[in-house]
Amino acid sequence: MSTTPNPIVFISYAHEGSLQQQVKALADWLTAHQVQAITDHPHTNRPPEKGWRAWMQHNVEDADLVLIVCSERYKNLFEKREVPDDGGRGVSWESGIITDDLYNARLRNRRFFPILPDGGDRQHIPVVLRDWDNNHRFPSGNERILSLIRDEIRIPTPDGPFQQRLPGELGGADDTRLQAREGEVIGRASEVADVLHFLNSTASSAAVCGHVTGSGGIGKTEVCKAALKSWLSQHPMLRAFYIAVSDTADARMLLFHLGDAVGLSPDTLAQTNTLQQLRPHLPGGLYYLDNLEHVAESTGGMALLRELASLPGVRLLASSRVALDSVLGRSIAVDRLDATSASALFAKTWNGRETLDPAEVRTFVDRELGGHPLSITLMARLGRAYAWPKLQERWRQEGTAFVKTRKASERLDSLEISFAITRQLVAQETGALALWQFIALFPEGCREATLEQWEAISGYPDARLSLFEHHILQQDNGWISMLPPVARYALSHVQDNPSGDDATAFCWADTRKTAYQYFMQIALDGAQTASSENATRSRVRCAEEMWAIARLLTADRQSATPDNALPKQLNRLLANTYAFNVLAGLQALTTMQDLLHDGLSSKKLGDLESRLGQIEQARQHYDQAIELYQQEQAKLGLANALKALGDLESRLGQIEQARQHYDQAIELYQQEQAKLGLANALKALGDLESRLGQIEQARQHYDQAIELYQQEQAKLGLANALKALGDLESRL
């Protein structure tokens, strides 16, 4: 590309047909656009003074850029595939110069570019030039050819240094996590401005914090998202993290959310118990903590928030249903919508066909719905099912019934009434309420495949229709989720025991049955002892959904009629999977132990706590497991617990205790003829003896373990035992 005032361009072509006139027209057009285009046309009658060969060589060598008009004849002459008869000598000469230049430049080309006449075939471009073909054609593409001559390649330079984007980091104002749920935020200009004022503040303190409070579904998240979107559009280089805090999160869980947002591995997260451990991994920037109230109300929650707010370089924006003034400063309150905004939101989301009286709508949304945004959208989306007068009648009927269930001091909650009316409507679709409660188990939502599998198990393929129609469920790129207040409403009814007359009530017995069937189905392959691709895939999927399993168990524990048969089956299937997601596994197992009071849950809790280095808790659970297995007369489980306790004691250097537990486990494995467990215990005992320098005993136990692994075709165990024996022999 040339930067001279009038770039010099030489056009090389073969004389054939009308091409000579087309090339002249191109040269004339370029000349009219301040390009010095050189062709042989001015020498039609008088040859160049220096002679044709020197003229061609000098023009090829001296031109800023050479345009090569490719045709079938030109390609054959260029590649020496056609012997010139009485013509073509010029192309042969020019092609030799061009090829020599490319050869000497090691095929780094800034000057030679193929072009085609309109209708030309790209197969006619000589092979050596095809790497620089950008499909330039003339005369239709004359402007592009002019750009080829004139324009320099300019790679945009970033305004700041490269920073890898972390999982929770927002990718600017256009990040999909900041898109408004209804397409726009109505009636919150003042609140958005307040949050923006905080975001744009230049306070000199090390930590600048702000938070937004209000009841569930009032619009806190939408206000924060709108403010963040505006702020990042003005300051695209600033770092901001979006952290959706789960509904049941405590202080420990908030640490997990923060670590997950900055890309820490599951193993690192599992061993992160304090903010000081997490601090080196937290980059400076703004952290938006959405749905923070449960953390604030948990043990140690406020202390953790206070510590987080004091970190240099870290700014906090939080939304919460409870006030956090003592930690994060004055609240930015998000309350009911004003009547005008409430009416506008109702009109935007109304899906009925009739035209409504604006005055009636204004009265209804202001006085009846109390300006509550989620109540407004829920009721507006019932317009297809209820005529306007009927919808108001249903609201008042349900509101009257609802008040009778409340104490006199309690206020009427419009959101509860809206949920109740919506529930009664979607209940007309068989299975819809069970699906509502099932999806509520997934704190972050679930994949489309999960919903499809639930449909296959339950036999309710159409249950989703009414839930999507009334926006109980929402879908984004195959990911299905619901708002936290919607999930909370469904899971607040697991204690209900509906009578046969109320077909519109949630029935936890129905929900739990299909939910357990779903989780047992995905856990089945992972329960196999032998390693396989299917087993690994099953464990990974169960690990990903372990938080949903924990929520299922929590809901089951709260139900009026718990049944332990299904949790017991699921517990056995998940025995090999809990460790794949240690934090969620701990929560699920703790609840499982509360439900079952069995040896397996205690033993697995001990395994997880041992992995986390929580020694006393692990020993306590192993002791509890041993006692429970003895009561259950479950010798194999007892052997496993004794072997695990032996491993713990061995790590702590408690040699005699470890040996005693191994010996007891070995005896029980022999009684039960459990060869694989016996092999594992013998190998562990061999490791202990090897460390103590008891060479012959160690060698003997390794040999016994190797023989058993071979019999069981347990390749991984066999490999470990052979390596241990090899290490022993190497030391000798």
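The values are calculated or read from the model by the stated rules, or taken from the named source; none is laboratory data. Remember, it's a predicted structure, so these values are computed and weren't measured experimentally. Please note: Cβ atoms are built from the backbone with ideal geometry, for glycine as well, and neighbour counts cover all protein chains shown. Side chains included, ligands, DNA and RNA excluded: accessible areas come from the protein's heavy atoms. Shrake-Rupley method; radii C 1.70, N 1.55, O 1.52, S 1.80 Å.
Six or more apart or on different chains, Cβ atoms under 8 Å: show the pairs whose first residue is in region 504-518 and under 12 Å from Leu566 (Cβ atoms) and whose second is modelled with pLDDT of 90 or more and not in a helix (DSSP H, G or I).
These pairs meet every condition: Ala515/Leu441.
For Leu304, are the conditions met, namely being assigned to a helix (DSSP H, G or I) and open to solvent by less than 10 Å² (accessible area, probe 1.4 Å)?
No; evaluated as a whole, the condition is false for this residue.
Could you tell me how many of the residues in region 322-360 are of a type in the set (Lys, Arg) and touching a Gly at 6+ places or on another chain (Cβ under 6 Å)?
Final tally of qualifying residues: 1.
Out of all the residues in region 594-601, is one or more assigned to a helix (DSSP H, G or I), over 26 Å from Gly646 (Cβ atoms) and either open to solvent by 30 Å² or more (accessible area, probe 1.4 Å) or among the acidic types (Asp, Glu) (or both)?
The answer is yes; a qualifying residue exists.
Which residue pairs have Cβ atoms under 8 Å apart, sit 6 or more places apart or on different chains, and have a first residue in region 711-725 that is open to solvent by 50 Å² or more (accessible area, probe 1.4 Å) and a second that is in a helix (DSSP H, G or I) and of a type in the set (Val, Ile, Thr)?
So the pair list comes out as Leu722/Ile706.
Does region 486-505 contain at least one residue that is open to solvent by 40 Å² or more (accessible area, probe 1.4 Å) and under 25 Å from the mean Cα position of the chain (by Cα)?
yes
May I ask you to list the residues in region 560-574 that are assigned to a loop (DSSP other than H, G, I, E, B) and more than 15 Å from His597 (Cα to Cα)?
Hits for region 560-574 are Ala560, Thr561, Leu574.
Taking region 141-169 only, how many residues are under 23 Å from Tyr287 (Cα atoms), modelled with pLDDT under 80 and open to solvent by less than 100 Å² (accessible area, probe 1.4 Å)?
Adding up the residues that qualify gives 2.
Being under 18 Å from Asp250 (Cβ atoms) and open to solvent by 20 Å² or more (accessible area, probe 1.4 Å): is that true of Gly313 here?
Taking the combined requirement at face value, the residue does not satisfy it.
On the basis of being within 21 Å of Lys24 (Cα to Cα), of a type outside the set (A, V, I, L, M), out of contact with any Asp or Glu (no Cβ under 7 Å at 6 or more places or on another chain) and at pLDDT below 90, does Arg89 make the cut?
yes
Starting from region 643-655, take each residue that is closer than 12 Å to Arg611 by Cα and list its partners that are hydroxyl-bearing (Ser, Thr, Tyr) and part of a helix (DSSP H, G or I), counting only C-beta distances under 9 angstrom and pairs at least six apart or across chains.
Ala644/Ser610; Ala644/Tyr622; Asp647/Ser610; Asp647/Tyr662; Leu648/Ser610; Leu648/Tyr622; Arg651/Ser610
Tally up the residues in region 452-491 that are of a type in the set (A, V, I, L, M) and modelled with pLDDT of 95 or more, please.
Number of matching residues: 2.
I'd like to check something: does region 536-546 contain any residue that is among the hydrophobic types (A, V, I, L, M, F, W, C), farther than 30 Å from Gly352 by Cβ and more than 18 Å from the chain's Cα centre (by Cα)?
Within region 536-546, not a single residue is among the hydrophobic types (A, V, I, L, M, F, W, C), farther than 30 Å from Gly352 by Cβ and more than 18 Å from the chain's Cα centre (by Cα).
Look through region 262-271, keep the residues that are open to solvent by 10 Å² or more (accessible area, probe 1.4 Å) and under 20 Å from Ala579 (Cβ atoms), and return whichever of them is modelled with the highest pLDDT.
Leu264
For the subset of region 384-403 comprising residues that are part of a helix (DSSP H, G or I) and among the aromatic types (Phe, Trp, Tyr), which member is modelled with the lowest pLDDT?
Phe402
Any idea which residue in region 370-395 is farthest from the chain's Cα centre (by Cα), counting only those that are under 11 Å from Glu354 (Cβ atoms), hydrophobic (A, V, I, L, M, F, W, C) and open to solvent by less than 20 Å² (accessible area, probe 1.4 Å)?
Residue satisfying both the conditions and the ranking: Trp388.
Restricting attention to region 602-637, and to residues there that are open to solvent by 80 Å² or more (accessible area, probe 1.4 Å) and charged (D, E, K, R), which single residue is nearest to the chain's Cα centre (by Cα)?
Arg611
Filter region 56-71 down to residues that are in contact with a helix residue (DSSP H, G or I) (Cβ under 8 Å, 6 or more places away or on another chain), outside any loop (DSSP other than H, G, I, E, B) and either within 18 Å of Asn142 (Cβ to Cβ) or open to solvent by 10 Å² or more (accessible area, probe 1.4 Å) (or both), then give me how many there are.
Counting residues in region 56-71 that are in contact with a helix residue (DSSP H, G or I) (Cβ under 8 Å, 6 or more places away or on another chain), outside any loop (DSSP other than H, G, I, E, B) and either within 18 Å of Asn142 (Cβ to Cβ) or open to solvent by 10 Å² or more (accessible area, probe 1.4 Å) (or both) gives 8.
Yes or no, residue by residue, for (1) touching a residue at least 24 places away in the same chain (Cβ under 8 Å); (2) at positive phi; (3) out of contact with any helix residue (DSSP H, G or I) (no Cβ under 6 Å at 6 or more places or on another chain); (4) of a type outside the set (Val, Ile, Thr):
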| position | (1), (2), (3), (4) |
| --- | --- |
| Thr299 | yes, no, yes, no |
| Ala303 | yes, no, yes, yes |
| Ser320 | yes, no, no, yes |
| Gly329 | yes, yes, yes, yes |
| Val334 | yes, no, no, no |
| Ala342 | yes, no, no, yes |
| Trp350 | yes, no, no, yes |
| Gly370 | yes, yes, no, yes |
| Thr377 | yes, no, no, no |
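Quick one: Ala37 ticks every box in (1) of a type in the set (A, V, I, L, M); (2) in a helix (DSSP H, G or I); (3) surrounded by 13 or more Cβ atoms within 10 Å (Cβ to Cβ) except a single one, so which number is it?
Ala37 satisfies all of (1) of a type in the set (A, V, I, L, M); (2) in a helix (DSSP H, G or I); (3) surrounded by 13 or more Cβ atoms within 10 Å (Cβ to Cβ) except (2).
So if I check each of Val322, Val334, which one is crowded, with 22+ Cβ neighbours inside 10 Å, of a type in the set (A, V, I, L, M, F, W, C) and within 23 Å of Gly371 (Cα to Cα)?
Just one listed residue meets the conditions, Val334.
Which of the residues spanning region 664-696 are open to solvent by 60 Å² or more (accessible area, probe 1.4 Å), farther than 24 Å from Gln713 by Cα and in a helix (DSSP H, G or I)?
Across region 664-696, the qualifying residues are Gln664, Arg691, Glu696.
State the number of residues belonging to region 212-235 that are out of contact with any Cys (no Cβ under 8 Å at 6 or more places or on another chain) and at pLDDT below 90.
Result for region 212-235: 7.
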